[in-house]
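The values are calculated or read from the model by the stated rules, or taken from the named source; none is laboratory data. All of these numbers come straight from a predicted model, not from anything done at the bench. Here the Cβ is made from the backbone with ideal geometry for all residues, glycine too, and neighbour counts use every protein chain on show. Note: areas computed on protein heavy atoms with side chains; ligands, DNA, RNA excluded. Shrake-Rupley method; radii C 1.70, N 1.55, O 1.52, S 1.80 Å.
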Amino acid sequence: MSAELFSIRMHSSLAGSHLSGAERLGDRRALSALAASLVERALAHERGEADQIRVTVERLDPGALLTGCLPGLMTLRVPDHRQGRQAAAELLRGAGVAREAISAALSWLVEGPSPEGGNMRGAMLINAVSGERLEPDRRRGVRVSRMDLAPSLAEELGRALASFDLDNAHVREALVLAGKVLAAPGVVAELCWSDDPSYTAGYVASSGGGYQRLTHLKALGDPRGGRAFFLRPEGLDLPALLAFLEKTPMLFTGLGPLAHPVDWRG
C-alpha cells in the first residue's frame, strides 16, 4: 500500500436519526471506488434509505499509522438471546469485569443507551468495576475511527471466514473494530450487538479470549443495539484513550486463529 493513506468515513441518517456509519483506509487510487461503495451502502440499509449522507476524506500522517494483528475468532452457539446474554456475562466476568458493570451495560443496551432510550452513534465507556458511564457525550458516544485491513489481509480473512460461512460485513468490520479497541490503553473488554433488526449475533472481545461471537444476543426484529467498552479505572487517562480510539490510524496486517463453532455450555 502507498505511504500516502487516506481515511474515508461515511455517516448517514434518516429523518434526523442515525442510520449507519462505515469507513475504510485507502490510497489515492482507491478513493473514488471506496467513497462510492460507502454511499451505496447508506442507500441500501435494511432500516431504510438514507436521506442525508456525509462522506469525509482525510489524508493521514504516515508516521502516525500503527499496525496490528486481528484477534482470534470463536463462535459460541446459543439457543436464544437470553442464553446469549448469560454467556456474555460469564465471558465478561472471566475477562475481569465486575458484575455491577456487566449488569449496568446489559440494561443500557437492552433499553437503549442514549438519554432518550434510542441507539447511539458510538460506544459507551463503562468503568469495569463500578459500572459508571464515562463517555463525554451520552447521545453520541465514542466513535472508533481510522482503521482497516491491509489489502492482502482482506483477501486472506475473506477466505478464512468463508470456510466458516462468516464472510460478511458484520463480522469483518466488527473484527477490525474489536482489534483496535483491544489495543487501546485501559480497555478490559468489549460487549456489542448490532442495531440491524435482522442480525441477532454479537460478541464479547477481550485480550485473553479474543473475539468470542455469540449467535444470539438479541431477539430477531429488535432495532436496538450498541457497544460497551469496559475500562480499567486504575491509572485511566481518558483523553489519551479517546485520542487513540477516534484519531489514531491503525492498519491490520495479521490474522489471529479462527476456531470451529462450539455449543455454549455455561
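May I ask you to rank 137, 148 by accessible area, largest first, using a 1.4 Å probe over the protein chains only?
137, 148
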Within a Cβ distance under 12 Å of residue 250, other residues only, what is the Lys/Arg minus Asp/Glu net charge? 0
With just the Cα atoms defining each centre, how far is the stretch 92-113 from the stretch 23-38? Give it in Å. 36 Å
What percentages make up the Cα-Cα pair-distance distribution of the stretch 99-214 when the bins are 5 Å wide from 0? 2, 10, 19, 24, 22, 12, 7, 4, 0
From the alpha carbon gyration tensor of the stretch 206-261, can you work out the equivalent ellipsoid semi-axes (sqrt of 5 times each eigenvalue) and give them in Å, largest to smallest? 26, 19, 14
Relative contact order, percent, the stretch 108-187 [alpha-carbon distance under 8 Å, six or more residues apart]: 20 percent
What FRET efficiency comes out for the pair residue 246/residue 45, r = Cβ-Cβ distance, R0 = 22 Å, nearest 0.05? 0.40
51, 263, reordered so the largest accessible area comes first (probe 1.4 Å): 51, 263
Send over a whole-number figure in Å² for the accessible area per residue of the stretch 114-250, probe 1.4 Å. 38 Å²
First measure r as the distance between the Cβ atoms of residue 52 and residue 111, then evaluate 1/(1 + (r/R0)^6) with R0 = 41 Å and state the FRET efficiency to the nearest 0.05. 0.95
Mean projection of the alpha-carbon convex hull of the stretch 74-160 over all orientations, in nm²? 7.6 nm²
Treat every Asp and Glu Cβ in the stretch 14-101 as -1 and every Lys and Arg Cβ as +1, leave all other atoms uncharged, and give the resulting dipole magnitude about the Cα centre to the nearest 20 debye. 220 debye
Out of the stretch 43-86, which GluC sites (Glu not before Pro) are coil in DSSP terms and have no more than 16 other C-beta atoms within 10 Å? 46, 49
Using the Karplus curve 6.51 cos²θ - 1.76 cosθ + 1.60 with θ = phi - 60°, what ³J(HN,Hα) values do you get for each residue of the stretch 13-20, in whole Hz, with x for Gly and Pro? 9, 9, 6, x, 10, 4, 10, 7
For the chain, built as a Gaussian network whose Cα springs stay under 10 Å, the top-fluctuating residue of 123, 184, 15: 15
For the stretch 131-266, which whole percent of the accessible surface, found with a 1.4 angstrom probe, sits on carbon and sulfur atoms? 51 percent
How are the Cα pair distances of the stretch 16-79 distributed, in percent, across 5 Å bins from 0? 3, 12, 18, 15, 14, 16, 13, 6, 1, 0
With all protein chains modelled, accessible area of residue 82 [1.4 Å, Å²]: 150 Å²
May I ask for the Kirkwood hydrodynamic radius of the chain, worked out over all distinct Cα pairs and given in angstroms to one decimal? 18.7 Å
Taking every pair of distinct Cα atoms and averaging 1/r, then inverting, what Kirkwood hydrodynamic radius in Å comes out for the stretch 55-114? 15.1 Å
Can you pull the Kirkwood radius for the stretch 146-266, inverse mean 1/r over Cα pairs, to one decimal in Å? 15.5 Å
Under 10 Å, Cα contacts only: if you run a Gaussian network model on the chain, which one of 63, 96, 117 comes out with the highest mean-square fluctuation? 63
Long-range share for the stretch 4-156, i.e. C-alpha pairs more than 21 Å apart as a percent of all pairs, stands at 61 percent
Can you give the helix-only mean residue ellipticity at 222 nm for the chain, where every DSSP H stretch with n ≥ 4 adds -39500 (n - 2.57) and the sum goes over all residues, rounded to the nearest 500 deg cm²/dmol? -9500 deg cm²/dmol
May I ask for the distance between the Cα centers of the stretch 122-153 and the stretch 214-258, given as a whole number of Å? 5 Å
Vicinal HN-Hα couplings computed from phi for the stretch 56-70 (Karplus, 6.51 cos²θ - 1.76 cosθ + 1.60; Hz; Gly/Pro x): 10, 10, 9, 6, 9, 7, x, x, 8, 5, 9, 10, x, 10, 5
